[in-house]
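Below is one structure; the comments refer to it alone.
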Amino acid sequence: MNRSKLAALSAGAMFLVATVIAPAAALADTGNTNTIKVIGAPTINPPATGGSFTVNIVANGSVDIGGAGAGLAFDNTKLTLTALAKGAAVVTNGAGFGGFPSVANTATFIATANTNGQIPNIGYFYTDGSSFDAANTNVTIYSATFTVSAVGDSVLAPNQSPAMLDGTAAGYGNALTIDSVVNGNVVNSTAPVTPVFSISAPASASVNQGATNDVTVTTAIVQGTPGAITLSTTGLPAGVSTSFSPNPVSAGSSSTLTFTATAAAAPGTFAVTVSGTDGTTTQTDSINLTVVGANDFSIAATPASVSITAGNTGTTSVSVAQITPTAGTVALSVTSSLPSGVTTSFSPTAAVVGTPSTLTFTTTAAATPGTYSVTVSGDNGTNVKTTTVTLTVNGPAPANAQDVNVNGTMDGGFIGLSCPSSVAMPLVRGNTNRTNVPCSVYTNTVWNLNTSDPATDAYKGFMVTGRPVDNVANFALANSMHVLSGASIVAGEIVYATDVDLVTGGSSATGTNSATVPLVLSQFVAGGDRAGAYGIQILFSAVSVF
């Protein structure tokens, strides 16, 4: 036996012990590298103390090897070494060991290792000068058993110049270069919760040219503890700027968003994006911002439709409303072509806020019957606005004719809906999973079948774990569920006329009288979605259109 080789591997005296504890079985490794590594480091879930586990410190050669050795560093604040065992396979093959304690010295050896957080080098070497362990095979040098003394992640690191000896005939006993050392990671902690927040802004806002207007932007904590949220806007029109107070804002609090428009700001409606970031997560919402021009007003006609029998007159009231800063006097006119035999007049000829004008349509007996769109314009010298009145001219009644009013009533009918109380859907990652939901509508009237998710939390429209049993969603699939209907075959493929995303809901079908409505639930499952039991509640509502 070459004792110098063994000493180089163990950095200590050689001890031979007949009794060993069998480690885990050797595993094939075709990496073609010289590697010392730790196998068997556990994940403890939920995190706990008091349990024990055993790891193997193994060698794997790119060629046949005749010996190997390594020490092992560990965190003695979280782990306590309780036992050591020689690799069973190498003992069976007749290897000698260096650095492994004798039976009498084991307790002292383990106590010193726990004090230092370090198992000194332990190595083996085939004493006959010809035995070897096959290349690309995990060979256990020794195993170490630990108890868990404290919660927390830790690393088991082979160290102290780990070595490996050539076991081939040509270079037997010569040192091999170690290409890599692989640690064992003991996971014994709860992963931190990623902070998530939401941001909410009003759907619309307005600001006058040369003025300011304030709206409130609110934030809410979804999970974890988000940091301070910095707010900003994009998509502003020319001449409009924004500021927030406060900014940044604490998660769960509100900030005042001020729109400031110059006198030359571009009038119109613009989609403005409000963004918030805590440095880790960014959330957005949108506002439809209307920039209102100077001396702006609106115009309307009530009623918006007038029906006249030829030879008679009809009226509608045209009113104006102030937008900013004053509407002034608005001159009225009809700016579209009128049918033959129809004339118009305004009384008074101009309108002001609070004082409408009466528009009178006068028809001759020879007026051309039909329905016409009449444009009414208002001009205050700065802005021109229009509204539309629908004019219907009916033919004159024949001589000696008498009108007869015919009245009738119709009840609202009846309506009923039948859907299965539950359906099962197989969920396969990377696939669009589908299942049928046959519903039947029973009615004698025209109906809509509406589809929605009645949930009101952030997971509306998504399959989740937990809800509806305890009304608390633990986690959700990454993609929302869709309800499909109106199937047809196009180029040999099934296509659907209607696709309702349950995040927003919508109408899945319409019809008249009783009918069967074949619906299809469609759920795409992403490759990264977690395994688990998911559920969603879908509300189908049959509604009469009368």
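The values are calculated or read from the model by the stated rules, or taken from the named source; none is laboratory data. In this text, all values refer to a predicted model and were calculated from it rather than measured experimentally. Counting neighbours? That spans all protein chains shown, and the Cβs are built from the backbone with ideal geometry, glycine included.
Take the residues in the stretch 527-546 that are of a type in the set (S, T, N, Q) and assigned to a strand (DSSP E or B); name whichever of them is nearest to residue 434 (Cα to Cα).
Per the stated criteria, the residue is 541.
Answer yes or no as to whether residue 216 is within 30 Å of residue 265 (Cβ to Cβ), outside the structural domain of residue 150 (by TED's automatic domain parsing) and of a type in the set (S, T, N, Q).
Spelling it out, residue 216 is indeed within 30 Å of residue 265 (Cβ to Cβ), outside the structural domain of residue 150 (by TED's automatic domain parsing) and of a type in the set (S, T, N, Q).
For the structure I just gave you, tell me whether residue 278 is within 30 Å of residue 476 (Cα to Cα) and acidic (Asp, Glu).
Yes: the conditions hold for residue 278.
Quick one: would you say residue 328 is on the phi > 0 side of the Ramachandran plot, modelled with pLDDT under 95, under 55 Å from the mean Cα position of the chain (by Cα) and not assigned by TED's automatic domain parsing to the domain that holds residue 209?
In short, yes.
Of all strands (runs of 3 or more DSSP E) completely enclosed by the stretch 35-136, which ones contain at least 3 residues that are of a type in the set (Gly, Ala, Ser)?
65-73, 95-98
Suppose the filter is crowded, with 20+ Cβ neighbours inside 10 Å, touching a residue at least 24 places away in the same chain (Cβ under 8 Å) and more than 20 Å from the chain's Cα centre (by Cα); does residue 445 pass it? Outline the logic, then answer.
Values: crowded, with 20+ Cβ neighbours inside 10 Å: no; touching a residue at least 24 places away in the same chain (Cβ under 8 Å): yes; more than 20 Å from the chain's Cα centre (by Cα): yes.
Against the criterion (crowded, with 20+ Cβ neighbours inside 10 Å, touching a residue at least 24 places away in the same chain (Cβ under 8 Å) and more than 20 Å from the chain's Cα centre (by Cα)), residue 445 does not qualify.
With respect to residue 94, is the statement that it is touching a residue at least 40 places away in the same chain (Cβ under 8 Å), more than 41 Å from the chain's Cα centre (by Cα) and either assigned by TED's automatic domain parsing to the domain that holds residue 145 or closer than 17 Å to residue 163 by Cα (or both) true?
No: the conditions fail for residue 94.
For the stretch 24-53: of the residues being loosely packed, with under 11 Cβ neighbours inside 10 Å, small (Gly, Ala, Ser) and under 24 Å from residue 133 (Cα atoms), which is modelled with the lowest pLDDT?
Ranking the candidates gives 25 first.
Of the residues that sit in the stretch 527-546 and are small (Gly, Ala, Ser) and touching a Gly at 6+ places or on another chain (Cβ under 9 Å), which one is surrounded by the most Cβ atoms within 10 Å (Cβ to Cβ)?
Once the filter is applied, the top-ranked residue is 542.
Looking only at the stretch 141-151, filter to residues that are surrounded by fewer than 16 Cβ atoms within 10 Å (Cβ to Cβ) and not hydroxyl-bearing (Ser, Thr, Tyr); which one of those is farthest from residue 120 (Cα to Cα)?
151
Let me spell it out: the conditions are (1) under 21 Å from residue 423 (Cα atoms); (2) in contact with a Phe, Trp or Tyr (Cβ under 9 Å, 6 or more places away or on another chain); (3) small (Gly, Ala, Ser), and residue 507 meets all of them except one. Which number is the exception?
Residue 507 satisfies every listed condition except (2).
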